1. Mind checking which residues of the stretch A:16-30 are within 13 Å of chain B (Cβ to nearest Cβ) and either in a loop (DSSP other than H, G, I, E, B) or small (Gly, Ala, Ser) (or both)?
2. In the stretch A:1-14, which residues are crowded, with 19+ Cβ neighbours inside 10 Å and either without any contact (Cβ under 8 Å) to a residue 40 or more places away in the chain or in a loop (DSSP other than H, G, I, E, B) (or both)?
3. Looking only at the stretch A:71-108, how many residues end up being small (Gly, Ala, Ser) and farther than 23 Å from A:SER24 by Cα?
4. Sort out which residues of the stretch B:1-50 are among the basic types (Lys, Arg), farther than 16 Å from B:LEU112 by Cα and part of a strand (DSSP E or B), and write them in order of number.
5. Name the strands (runs of 3 or more DSSP E) wholly inside the stretch B:65-178 in which the number of residues that are away from chain A (no Cβ under 14 Å), surrounded by 18 or more Cβ atoms within 10 Å (Cβ to Cβ) and of a type outside the set (D, E, K, R) is 3 or more.
6. Can B:LEU35 be described as within 19 Å of the chain's Cα centre (by Cα) and surrounded by fewer than 13 Cβ atoms within 10 Å (Cβ to Cβ)?
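Nothing in this text is a laboratory measurement; each read-out follows from the coordinates by a stated rule. Because the structure is predicted, anything quoted here is derived from the model rather than measured. Every residue, glycine as well, gets a Cβ built from its backbone with ideal geometry; the counts of neighbours run over all protein chains shown.
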Amino acid sequence: MNTKDLVENAGLKALTAVEPRDVSGVFVSDMLSDAMAGAKSGNLWITVQTHKNIVPAANLVDASAVLITSGKNVPQETLDLASQHGITILWTELPTFEMIGKLYALGLVTK
Amino acid sequence: MAECQHRWAMINQQFGFTVFEKCSHCQSVRTYFSLHDTWDEYKEGQCHWAIVENAQTFKFDLQCSNCGKVEKFDDLLGLLFCTSCIADCEVEIIRRECAKDRIFILVAFGFLPEAESQPIPERKLQILSDYFNQQRDTSRSRIKIIWFDKIKSLPLCRGEFIHDVGMFSLEAPEERKPLF
């Protein structure tokens with residue numbers, strides 16, 4: 001599945017331009033250090049963190065996109081930085097648990 | 001015998017805290033890694049040390065999965081990303097130049113004050129860059145890690161460390177504090 005399919009199939013809102021990337025799996029964490037230590041290239045990173053520092057962390061681990069859950073408001077400076085670095089920011093009102101269930105049903109797993 | 005083309009993997013991950021403390025007398029900054037969430041203040045001669053920030057982070061080493069060679073990174077405090085705060089800072093100049101080739105710059109810090117006189121060798125910074133590049137699709141972009149001595153002025157730098165602050169609070173901090 002790629003990021004564009006993901007937006008369509010999971011009913012996500014794209015807050016930045018969607019970079020066409022293959023989604024290799026899912027990594028879930030609200031800690032930057034955890035993502036840096038464990039996320040893999042191409043992973044969709046699911047978090048409620050919206051600070052602009054998610055952008056360099058996502059870039060460092062080469063995440064295919066960052067998905068903000070639970071309807072958290074994402075500051076404009078985070079979106080601007082993400083656009084500058086070609087990081088796709090996706091958004092959903094669903095809580096993390098429900099979103100993960102939906103993604104699992106679509107065939108996405110942790111890799 | 002051909003030299004090993006190292007393929008690095010992260011090992012010995014240890015989660016803890018990066019502590020930044022500052023002396024109100026001499027204004028010096030010290031940093032260290034702690035396994036515990038510490039906010040102690042203490043006196044040492046004329047110095048009065050108080051914690052400026054205590055951020056969750058992790059330590060690690062790298063090991064080559066081909067030959068088993070281990071590179072220790074217990075001298076790495078963390079990685080900072082440039083926010084373009086000082087136009088003529090060497091980091092910002094390098095960042096702008098590298099951005100044309102889709103190379104993303106991060107600034108490595110060692111523990112202060114020792115790291116100011118004992119920098120992490122360029123060889124190890126290259127290994128760190130290699131590790132992150134080996135994990136990613138480098139046809140899209142690359143990572144380059146440089147040493148913090150290229151920052152024009154630490155007290156004026158508004159670059160941000162990729163670490164976790166305020167994770168024990170229910171309220172996310174609006175802005176991060178200046179650390180230096």
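1. So in the stretch A:16-30, the residues within 13 Å of chain B (Cβ to nearest Cβ) come out as A:19-24, A:27, A:29-30.
Once the filter is applied, which keeps residues that are within 13 Å of chain B (Cβ to nearest Cβ) and either in a loop (DSSP other than H, G, I, E, B) or small (Gly, Ala, Ser) (or both), the stretch A:16-30 yields A:GLU19, A:PRO20, A:ARG21, A:VAL23, A:SER24, A:SER29, A:ASP30.
2. Applying the first criterion (crowded, with 19+ Cβ neighbours inside 10 Å) to the stretch A:1-14 yields A:3, A:6, A:10, A:12.
Within the stretch A:1-14, just A:LEU12 meets the criteria.
3. To start, the set of residues in the stretch A:71-108 that are small (Gly, Ala, Ser) comprises A:71, A:82-83, A:86, A:101, A:105, A:107.
Checking the rest, the ones that are also farther than 23 Å from A:SER24 by Cα come to A:71.
Of the residues in that region, 1 qualify.
4. Initially, the stretch B:1-50 is screened for residues among the basic types (Lys, Arg), giving B:7, B:22, B:30, B:43.
Cutting the leftovers down to farther than 16 Å from B:LEU112 by Cα gives us B:7, B:43.
If the condition is that a residue be among the basic types (Lys, Arg), farther than 16 Å from B:LEU112 by Cα and part of a strand (DSSP E or B), then B:LYS43 is the only one that fits.
5. Numbers: elements: B:70-72, B:76-81, B:103-110, B:142-147.
Strands (runs of 3 or more DSSP E) meeting the threshold: none at all.
6. Values: within 19 Å of the chain's Cα centre (by Cα): yes; surrounded by fewer than 13 Cβ atoms within 10 Å (Cβ to Cβ): yes.
Criteria met by B:LEU35.
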